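Since the structure comes first, as structure tokens, the remarks are kept for the end.
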Amino acid sequence: MRPAIPAGIRVVRGPNWIWQNQDEGEGHVGTVCEIGRLGSTHSPENTVVVNWDSGHRTNYRVGYQNQYDLIIVDNAQVGVRHSNVVCDGCSKGGIAGIVFKCAQCPNYHLCSFCYGADFHDKDHAFIRYTTPTSLGVRVPPRNGAKRIQLKGIFVGAKVVRGPDWEWGQQDGGEGKTGRVIEIRGWDNESCRSVANVSWVSGSTNVYRLGHKGNIDLKYVVPTSAGYYYKDHMPVLGQLEEQQPVVATIKPMFSVGDRVKVCLDVDALIKLQQGHGGWNPRMLEHLSKLGTVHRITEKGDIRVQYESCPNRWTFHPAALVKVVSFRVGDLVTIINDAAKVQQLQKGHGEWIELMRYALGKLCKVVKVYSDGDLRIEQLDDGFEWTLNPKCVKLERSPLATAAERSNSMMDLSHRRTDHVMTPLSGLSGTSMVDKLVREAAQGHLDFVKQHLNAHPDHVNAMSGGKTCIQVAAHQGHVDIVKFLIGKGANVNVIDKEGDSVLHYAAFGNQPETMRVLLQNGADINYLNSSHCSALHICAHKKIPHCVRELLTFGADVNIQDSYGDTALHDAIGKENSEVVELLCAARNLDYTVRNNRGFNVLHHAALKGNALAARYILLLARQLVNVKKDDGFAALHLAALNGHANVVEVLIKIGQAEINIHNNRRQTPFLLAVSQGHSGAIEKLVKLGCDITARDEDGDNAMHLCVIKKTNLLQAAEPVKKDSPEIYAIYENLSYLTEDRLMYAILCYLSRLGCRIEQNNKGVVIFEWITDQSLKKLILGYQSTLSSNVLQPQTLNSSRENADNLIHGMQSLNLNESLDADTTNSFTNISDDTSSLNPIPKQNILLNLALRKQSPKNQKNGVLNNEMPTSTTNEEFEGAVAIRQGEGSLSELPNVAEKDIESEIDNSIGPRECIVCDEVLQLIKFEPCQHQISCEDCGKRMKKCLRCGVHIERRIDVNGRIIPNVDTTSTASVDRLRYLENKIQEYEESHYCSICMERTRDVAFLCGHGACSRCAETLRTCHMCRKTILRKINLY
């Protein structure tokens, strides 16, 4: 049996090469893009099609006639990764691709690039591991072996569009060149499988270089990426011994594991060299349990200890995993009843009812001193006392359920592609087997001869497939037409439920599809996955097949087993041509939602498909603010997943409500901050979002940035092009080793003017940030904003300052917003003296006089660049008179009595509450800014008693937000609580205490009871544990 060969592996010429310079010379790299199959005339079984980086494409032998033309130089493109294996050459952890381990030195590993670069002793033999499951193949020392330079598409190569190009004019047009600036992986699926190219037209983008076997580029001028030893690399198609049972090696540690140092101090100090180093303060924590915070790129372990502000980095060999439990941990009860029964002796014992709890997810509610656990089932609330050996620790999620289900983190609905293998199982020897095999290979003469002799075989099956199915898949139109003429069933299905039309769709055969549809094929037939042929074509990105199906009137609104329409699939596969075709369908229903509640615009926002979002909005802009059941609109999804380009499309083209709330009152801006998506954050700010928004917990952007800092650890670093301001701050904070992105975003928010304020629990972010220098850093960015804002001038009682003020009145313009931010008075009185020295009424009047002369369109707190219009002599003299205590209200033009009352209300100090007449500190109402009542009276008000404006927020003298109190509902709440208690008492007395669904109709002699269904299996009473001697039916 030959090993399975996945498309995407990078190869060079191998031991049996006879094809001259088809590859442009030895060392030139190509990519396996197609696997040969039985019956194919293009690439038969045991061959592969290779796309060389030069652009040439043809097939080669990988076992065909026992010849092998290729060797593997890199398999990282198909997702091969050796977790927790660190290369001792380049110090990169989690080596992707082939690994070489020294056969003479303990625990010494090299990646394939460092191996080719002659790291380590060349006289040492190595063991090659092609995959994590390989047992390993010993290779001879490199000294004297043939070493060849790799050439192809690597960093620096000059490239043009290649054979699989489907990106329109992104390169500037046919023949335009670009330069490869980076080779990297595709998300977490693969490594070194895409190339970042900068085109001469000025654009930069990422293109496939082996990802799922696709090649978007070919080189004009190749570059080198090191060397390889030809005789030391695996031959493509030859079987290497594999461990048959063991799955991919799991990492030694995972985030959330509890660990303890297992070495003495001297051994630890030696081991720590190059792996985080040694710090004497680590001594305090060596005997304690810590939690794995993250695993570094080198494979080292970052450990967080309780009550310790620092996190320490350890070599993985210095730690051991400790299984311990805490209240709140999620655990799963093991599924072995006999083992649990044995372990429970002396630990809460075993009862038969526990059998139904096996395998269930539970939460730890108590940890006893002897180590036993009290756990609660999450599904029905049953509690058990268990031996800790009876459960397995599960890790808690890092994100809320809503965030997880609305992000790409959610794998619960990820499609499992149905693999079509039309020619498998056709190796039989019967007449029908041969007929189907010959039809698959396109031998029309044989098919005619056989069916003329045996017409009853036209619908006969071989390996579960008929002639017309395999011929349709291979595109043998003449055979398909002949079979239809002989009476073949055009709607016959295989065991997967795939019809003939499905086979043609899987085979990318539009002409065959046309013939089938013209002869009565069911265009909307669904297979076992509830997929129509249109789903398959959209999923496989075949625009000409989609066009054919739409021409014949395919139903574009059919949903598969995931609830997805064909347009959902096309959006996920990022095929712009298919998306455009489907959007143009006349009967398309844009409102159809899949099983996760996503309509097509939601799906485009989730996947980051800006082009699809643009098409949809041009045709159905009414979708832009439509929400899912959890309140997430398309803009929420784009912001949560960091798709800044989609955010821009939704707001500029769709005119989306930029501050739209979900069910937790989160805005898109808050979600972008919570995930650390710098590009989306700056895009939303640029487009005018509310930076002071708060969610249902009263958390603003700063709170969420700290609360969700675990998410920020996984976020991408800021990019200068997408987020220049955060990028600049991030670069300035290069000295920070922990939470650098979090502090960069906090500083950015501080610069924007986001408030450092309390949430509903009365917490400000500085209670979570203990480092004083970091607090000053954040406040420093706030001061950079305020340094550009006009600060109010401090006035003394001295005549000199009054004269200076009067002299400057005609050249200064102060606005209302500035005054409101500075206690609404022109004097800047410090907090510690304000209560002792109330602001004089004359100061307030003077302040109002100045403000009445200010233009209303002036921006908050910024000096007007234009010189203000001069005040009249009458106004000026009136203001001076008031400042000197000689004037009155009537002498001041344009100042109303209510303005003075409002201004006096806003001065600081204990005053009389207008409701209870007590002299207390008054609270401030927003937005009207009136201060008329104490906290107890004011928090019950809905509208301000002075101006009648609806009260949105109440703030006390210390800046704390006072929560609302709904006094009118107190009585109804008490009544509801009373009724709930009565219902609970009724249920406890009449309903079965096991299922709480059915009436209790069976009693035991001990006095307890249950329903007949639950009591049927009971041997001991579930309440008192006494043996049930008799069951009495109740009527």
Is there a residue in the range 612-625 that is part of a helix (DSSP H, G or I), out of contact with any helix residue (DSSP H, G or I) (no Cβ under 9 Å at 6 or more places or on another chain) and without any contact (Cβ under 8 Å) to a residue 60 or more places away in the chain?
-> yes
Determine, yes or no, whether Tyr129 is closer than 24 Å to Phe154 by Cβ, more than 35 Å from the chain's Cα centre (by Cα) and among the hydroxyl-bearing types (Ser, Thr, Tyr).
-> no
How many residues, within the range 647-687, are more than 20 Å from Leu746 (Cα to Cα) and among the hydrophobic types (A, V, I, L, M, F, W, C)?
-> 8
Considering the range 103-120, residues that are over 21 Å from Gly27 (Cα atoms) and at pLDDT 90 or above, and then whichever is surrounded by the most Cβ atoms within 10 Å (Cβ to Cβ), we arrive at His109
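Please specify each residue of the range 53-74 satisfying the condition of being within 22 Å of Trp165 (Cα to Cα) and in contact (Cβ under 8 Å) with a residue 40 or more places away in the chain.
Asp53, Ser54, Gly55, Arg57
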Could you tell me whether any residue of the range 205-213 is over 24 Å from Glu34 (Cβ atoms), assigned to a strand (DSSP E or B) and in contact (Cβ under 8 Å) with a residue 24 or more places away in the chain?
-> yes
Does the range 626-653 hold any residues that are closer than 19 Å to Gly679 by Cβ and outside any helix (DSSP H, G or I), and which are they?
-> Asn641, Gly642, His643, Ile653
Within the range 715-738, which residues are among the polar types (S, T, N, Q) and touching a residue at least 24 places away in the same chain (Cβ under 8 Å)?
-> Ser723
Where a residue in the range 154-169 is within 18 Å of Arg184 (Cα to Cα) and its partner, wherever it lies, is among the small types (Gly, Ala, Ser) and crowded, with 18+ Cβ neighbours inside 10 Å, with Cβ under 6 Å and at least six apart | Phe154/Ala225; Val159/Gly178
May I ask you to list the residues in the range 537-559 that are under 18 Å from Val592 (Cβ atoms) and charged (D, E, K, R)?
-> Asp555
Please go through the range 140-168 and pick out each residue that is buried (at least 19 other Cβ atoms within 10 Å of the Cβ), among the β-branched types (Val, Ile, Thr) and closer than 22 Å to Gly14 by Cβ.
-> Ile153
Restrict the check to the range 745-759 and report whether at least one residue is surrounded by 17 or more Cβ atoms within 10 Å (Cβ to Cβ), of a type in the set (Asp, Glu) and touching a helix residue (DSSP H, G or I) at 6+ places or on another chain (Cβ under 8 Å).
-> no
In the range 624-649, what residues are closer than 19 Å to Glu696 by Cβ and surrounded by fewer than 18 Cβ atoms within 10 Å (Cβ to Cβ)?
-> Lys627, Asp629, Asp630, Gly631
If we keep just the residues of the range 282-307 that are among the hydroxyl-bearing types (Ser, Thr, Tyr) and part of a loop (DSSP other than H, G, I, E, B), which is surrounded by the fewest Cβ atoms within 10 Å (Cβ to Cβ)?
-> Ser307
So Val32 fits all but one of (1) touching an Asp or Glu at 6+ places or on another chain (Cβ under 9 Å); (2) crowded, with 18+ Cβ neighbours inside 10 Å; (3) hydrophobic (A, V, I, L, M, F, W, C); what number is the exception?
-> (1)
Is it the case that some residue within the range 506-522 is under 17 Å from Glu577 (Cα atoms) and either over 31 Å from the mean Cα position of the chain (by Cα) or outside the structural domain of Ala460 (by TED's automatic domain parsing) (or both)?
-> yes
Could you tell me which residue of the range 589-605 is surrounded by the fewest Cβ atoms within 10 Å (Cβ to Cβ), considering only residues that are over 20 Å from Lys540 (Cα atoms) and among the aliphatic types (A, V, I, L, M)?
-> Val592
Could we say that Gly175 is in contact with a Phe, Trp or Tyr (Cβ under 6 Å, 6 or more places away or on another chain), assigned by TED's automatic domain parsing to the domain that holds Ser112 and either over 28 Å from Asp722 (Cα atoms) or modelled with pLDDT of 90 or more (or both) here?
-> no
From the list Ile994, Ile961, Ile1028, which residue is modelled with pLDDT of 80 or more, in the same structural domain as Val915 (by TED's automatic domain parsing) and not hydroxyl-bearing (Ser, Thr, Tyr)?
-> Ile961
Of the conditions (1) of a type in the set (D, E, K, R); (2) under 30 Å from Lys448 (Cβ atoms); (3) assigned to a helix (DSSP H, G or I), Asp522 fails just one. Which one is it?
-> (3)
Members of the range 86-99 that are buried (at least 21 other Cβ atoms within 10 Å of the Cβ), over 23 Å from Ala7 (Cα atoms) and touching a Phe, Trp or Tyr at 6+ places or on another chain (Cβ under 9 Å) | Cys87
Test: Thr710 is farther than 24 Å from Gly753 by Cβ and touching a residue at least 60 places away in the same chain (Cβ under 8 Å) | yes
Regarding Leu976, is this residue modelled with pLDDT under 85 and not assigned by TED's automatic domain parsing to the domain that holds Trp384?
-> yes
Return the residue satisfying two criteria in turn: it lies in the range 769-790 and is over 33 Å from the mean Cα position of the chain (by Cα) and outside any helix (DSSP H, G or I), and of such residues it is modelled with the lowest pLDDT.
-> Leu790
From the list His530, His568, His544, pick out the single residue that is in contact (Cβ under 8 Å) with a residue 24 or more places away in the chain and surrounded by 18 or more Cβ atoms within 10 Å (Cβ to Cβ).
-> His568
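The values are calculated or read from the model by the stated rules, or taken from the named source; none is laboratory data. The structure displayed is predicted, hence computed values, not measured ones. Neighbour counts are summed over all protein chains in view; Cβ atoms, including those assigned to glycine, are modelled from backbone coordinates with ideal geometry.
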